[in-house]
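*Asks:* I have a structure I would like to understand better, so I am pasting it below and will then ask my questions one at a time.
All of the numbers you see were taken from the coordinates with simple rules; none came from a lab. Remember, it's a predicted structure, so these values are computed and weren't measured experimentally. All Cβ positions, even for glycine, are placed from backbone atoms using ideal geometry, and neighbour counts span all protein chains on display.
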Amino acid sequence: MTKALKINKSTEQGILELLKFLLEKGKVKGVFTLKKISNDGAVAYSLITKPDELKDAVPLYPLMPTNAGKLLSRFTLKGSSNEPVAAVVKPCELRAFIELVKLEQGSLENLFFISSTCGGVYPLKMAADGTIEKNLSKYWDAVKKGEIPTDLRSACKGCEEFKPYTADMTVDLIGKNDIDKQCMIFLNNKKGEELTKGVKGEFLEKAIDKGKIDKFQIKRESEKKKLFDEIEAKTKGMDGLIEIFGKCIGCHGCSNVCPICYCKLCEFDSSDSEYKPSNYEIELKKRGGLRVPPGTLYYQLGRLTHVTVSCVGCGACEDVCPVDIPLSIIFKKVGESVQKMFEYVPGRDIKEEIPLITFEEEEFTEVED
Amino acid sequence: MNESKDNLKTKGAVISAKSGTKESIIGFLEKGMDKGVFDAVLISMRVPAGDSFAYVLIKDESILKDAFPLPPVMSVQGAKAVSSVTRLGKGNMKIAAIMRPCETRATVELSKLGQTDLENIILISMDCPGVLPISDFLSDPNKGMKLFDDATKKLDDKIMRPVCQICDKSSMVAGDLHIGTLGAKKDTFFIISNSKKGNELMEKLGIDLKENIDSWQAKVKNISEEKQNKRKKTHKDLKSETGGLDNLLDTFSQCINCHNCMRVCPICYCRLCYFDSDKVKRPSEDYLQRAESKGSIRFLPDTTLFQMGRMMHMSLSCVSCGACEDACPMSIPVAQIFSMIADETQGLFDYVSGRNLEEPLPLVAYKEEELQEMEDAK
């Protein structure tokens, strides 16, 4: 039986208490969490070192301004943190960070992870137009009842990976009807237990309610099937792909916000993707007409090939797309089918190697003939 | 604008457009290809799904028939399209590029910056009514098309990009030829030449540039003055809203560091932006130290710095096209802010980005007598 910490405060207050405790007792040097950073309520990830600054922190805010995995990679890219830091992140952000560590883009050392069962996040548009605040109560009502909140990022609607794999602590959210009164934090390992020692609260022997999780899983599964079926119909064949990606404006915002796309210079922005005038002349002779800049579909399919085994389905790509291409569902669908071939779940376990860098003699024998 | 240039623009050709302006422009381009004056045309076209537009390099006249000289949206800034074809050299094809004035101007800037070779390019601009914000158009492309057509006819800019509403250079002639629809008699448009290249082309096509274009000039002057006033007012309001460090931080507080604005900016041509480079990646103790000095820091800490840095890097060449704002997922009024700063920085050097290929970029030209008022500033 795993251990759990019960704090008799609202869940958000409980987490803030815990974070305050960690900073005040010097158990961590910094806290990495979402925080209100402006008068008009903009929320961004912040690195907090003074307990007072936690007053504006909103660790459970249903928004992902940037995938935190990408930010933690920036934090530890030049070497692991010398000081302990606690990070409050969503399950897909944690998985993205684990993938980045496997890809040598960060370090887990000295980081503690607090995650939760995740109801999903709202699209960035809601933060941009200021409607998110009005939707918060609706969001938490749904989460409490173990239902999928409406108007989520489409990637979140059908996300089955809403329970973190490797967090040191997991905050109970989905289906917990007393979120406003009580905070339940599951301590998943020794690190979690050590860290919380001395927190004002009740320590219990308690595991996450599997029944609630399974019920939610089923809802997400059926939502995902709907999304996948829809996208499959739309993207059939070359014509389908051209139709769906035709409006791409080539901003490559999707790659810039993708936690997995860590390349400093993307292949598709490099000189390899530049063509001489003579190349254009030859192509033009063949085709009579040529879209410029070229390579719209090539970029999308190329990126898909590059990130697909590690895609965590966070939906950041779709949220920044200025022309609303349903990228996250396309990438998630292809990602899952590729990942399945290798029985791989990106970010599940730091010890699982990325499939493309491991060779197994007995693999894909069916393809050989 | 220097005098000789202005003289060039006092006369033009009047082209009959009985079958419609769009059709006549395409007819003019077909004629150019038939006579071998140019080999290909760079122009906008609907994408296969019909829900947006893209630049297409066309050699085949049957494809040219479906071209859209004045699309309702600017999905890609035209200068980027020209640069993608000619960045590595002028090539053997002569290409006529039909774009909006701000796209032509950005192309001129890119040429000065060594990012395009214009020797074999004929830049043709058009009077521009503005473009719809791309998200507005995409929410219902058919409706968007109709709204754009109506607004163009009525010269009503209320539904256009916010920077288009304050654009005082929507008829600026900066390329080789310009198609003027303003002030033209029914079923006609003007063609105005702005360069030797333009003159030669018209001569080869057997079109005289002898007609009076007073009515076009008067209308353009009128609109541009009106827009200039609106621009000044908007910038003044914006300055009070975004001036000072606190307001500035608030303005960019929603920025998520996607750098879409930079990616779609025609002037931001760097292959690897400084703000994506190793220079901005710091060791963790550095971030922690910074956090400790203030109690907490936003992460990434260089979010506003990126905006300021980009502004410093490109404001002298900014053409206020609005591509940045269109691509911002957080609806930050980037283009309006950048246009305000650009007017001021360019004003310091009496420079107008993309106005004239012969004008050197202010930062590469040294004038001994320049900015003396700064010398004694303490």
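*Asks:* How many partner chain Cβ atoms sit within 10 Å of a residue's Cβ in peptide B:262-275, on average, as a whole number?
*Replies:* 2
*Asks:* Shifting gears a bit: For the protein assembly as shown, what mean projected area does the convex hull of the alpha carbons give, in nm²? Mind dumping the intermediate values first?
*Replies:* On the way: hull surface 141.6 nm².
Orientation-averaged projected area of the Cα hull: 35.4 nm².
*Asks:* Hey, in chain A, which Cys have no second cysteine's beta-carbon closer than 4.7 Å?
*Replies:* Lacking a cysteine Cβ partner under 4.7 Å: A:Cys118, A:Cys156, A:Cys159, A:Cys183, A:Cys248, A:Cys251, A:Cys263, A:Cys266, A:Cys311, A:Cys321.
*Asks:* Expressed as a whole number of Å, what is the distance separating the alpha-carbon centroids of segment B:82-113 and segment A:192-224?
*Replies:* 59
*Asks:* When B:Met308, B:Met262 are ordered from fewest to most other Cβ atoms inside 10 Å of their Cβ, what list results? The partial results should precede the final answer.
*Replies:* On the way: B:Met308 13, B:Met262 24.
Least crowded to most crowded, the residues run B:Met308, B:Met262.
*Asks:* For B:Val73, what is the net charge nearby, where nearby means another residue's Cβ is under 14 Å from its Cβ and Lys, Arg count +1, Asp, Glu -1? List each step's numbers first, then the result.
*Replies:* Working: positive: A:Lys247, B:Arg46, B:Arg100, B:Lys143, B:Lys146, B:Arg161; negative: A:Asp324, B:Asp51, B:Glu103, B:Asp136, B:Asp140, B:Asp149, B:Glu325, B:Asp326.
Charge balance near B:Val73 sits at -2.
*Asks:* Let me ask something additional. Go through B:Ser195, B:Gly32, B:Ile332 and say which Cα lies farthest out towards the positive end of the charge dipole of chain B; charges sit on Cβ, +1 for Lys and Arg, -1 for Asp and Glu.
*Replies:* It is B:Gly32, whose Cα lies furthest towards the positive end.
*Asks:* Still on this structure, I have one more. Gaussian network model of chain A, Cα springs within a sub-10 Å range: biggest mean-square fluctuation belongs to which of A:Gly158, A:Gly289, A:Gly237?
*Replies:* Among A:Gly158, A:Gly289, A:Gly237, the largest GNM mean-square fluctuation belongs to A:Gly289.
*Asks:* Additional query: Report, in degrees rounded to the nearest 10, the 0 to 90 angle that the Cα long axis of helix A:277-287 makes with the longest principal axis of chain A.
*Replies:* For A:277-287 against chain A, the angle is about 70 degrees.
*Asks:* Ok, one more. Shielding of B:78-88 by partners, i.e. mean partner chain Cβ atoms within 10 Å per residue?
*Replies:* Numbers: counts 1, 0, 4, 5, 2, 3, 9, 11, 3, 5, 8.
If you average over the peptide's residues, the count of other-chain Cβ atoms is 5.
*Asks:* Going by how many other Cβ atoms sit within 10 Å of their own, how do B:Leu288, A:Leu327 line up, fewest first?
*Replies:* Values: B:Leu288 20, A:Leu327 26.
So the ranking, lowest neighbour count to highest, is B:Leu288, A:Leu327.
*Asks:* Now, a different point. Going by Cβ distance under 4.7 Å, what cysteines of chain B have no possible disulfide partner?
*Replies:* By the Cβ distance rule, which asks for a partner under 4.7 Å, the isolated cysteines are B:Cys128, B:Cys164, B:Cys167, B:Cys255, B:Cys258, B:Cys270, B:Cys273, B:Cys318, B:Cys328.
*Asks:* What's the exposure ranking of B:Ser253, B:Ser317, B:Ser240, going from fewest to most Cβ atoms within 10 Å?
*Replies:* Numbers: B:Ser253 21, B:Ser317 27, B:Ser240 9.
By the 10 Å Cβ count, ascending, the order reads B:Ser240, B:Ser253, B:Ser317.
*Asks:* While we're looking at this one, here's another question. If I stretch the segment between A:Glu362 and A:Asp239 completely, what's the gain in nm (0.36 nm per residue apart, minus their alpha carbon distance), one decimal?
*Replies:* Working: separation 123, 0.36 × 123 = 44.28 nm, distance 3.61 nm.
My answer for the length gained is 40.7 nm.
*Asks:* When a/c reaches 1.5 or more, the comparison of a/b and b/c decides; with that in mind, is chain B rounded, prolate or oblate per its Cα gyration tensor? Spell out each step's value before the answer.
*Replies:* Values: a/c = 1.77, a/b = 1.62, b/c = 1.09.
Prolate shape, in that a/c is at least 1.5 and a/b is the bigger ratio.
*Asks:* Using alpha-carbon positions, what is the distance between the centroids of segment A:305-369 and segment B:186-248, in Å?
*Replies:* Using only Cα atoms, the two centres lie 51 Å from each other.
*Asks:* Of all DSSP beta bridges located in the protein assembly as shown, what percent are antiparallel, nearest 5? Each step should come with its number before you reach the end.
*Replies:* Details: 43 of 65 bridges.
Of all bridge pairs located within the protein assembly as shown, approximately 65 percent are antiparallel.
*Asks:* Still on this structure, please answer the following. Helix A:327-341 versus the longest principal axis of chain A: what is the Cα-based angle in degrees, 0 to 90, to the nearest 10?
*Replies:* For helix A:327-341, the angle is close to 90 degrees.
*Asks:* Which loop-located GluC sites (Glu not before Pro) does segment A:70-149 contain, where loop means any DSSP state but H, G, I, E or B and the Cβ has at most 16 other Cβ atoms within 10 Å? Working shown, then result.
*Replies:* Values: sites: A:Glu93, A:Glu99, A:Glu104, A:Glu109, A:Glu133, A:Glu147; in loops: A:Glu104, A:Glu109, A:Glu147.
Within segment A:70-149, the qualifying GluC sites (Glu not before Pro) (loop, at most 16 other Cβ atoms within 10 Å) are A:Glu104, A:Glu109, A:Glu147.
*Asks:* Shifting gears a bit: Once you charge only the Cβ atoms, +1 for Lys and Arg and -1 for Asp and Glu, what is the size of the charge dipole of chain B about its Cα centre, to the nearest 20 debye? Let's see the in-between values first.
*Replies:* Working: 51 positive and 54 negative charges, 154 e Å.
In total the dipole reaches around 740 debye.
*Asks:* With unit charges on the beta carbon (Lys/Arg positive, Asp/Glu negative), name the residue among A:Phe113, A:Ala127, A:Val143 whose Cα is farthest towards the positive pole of the charge dipole of segment A:98-153.
*Replies:* Projecting each Cα onto the dipole axis, the largest value belongs to A:Val143.
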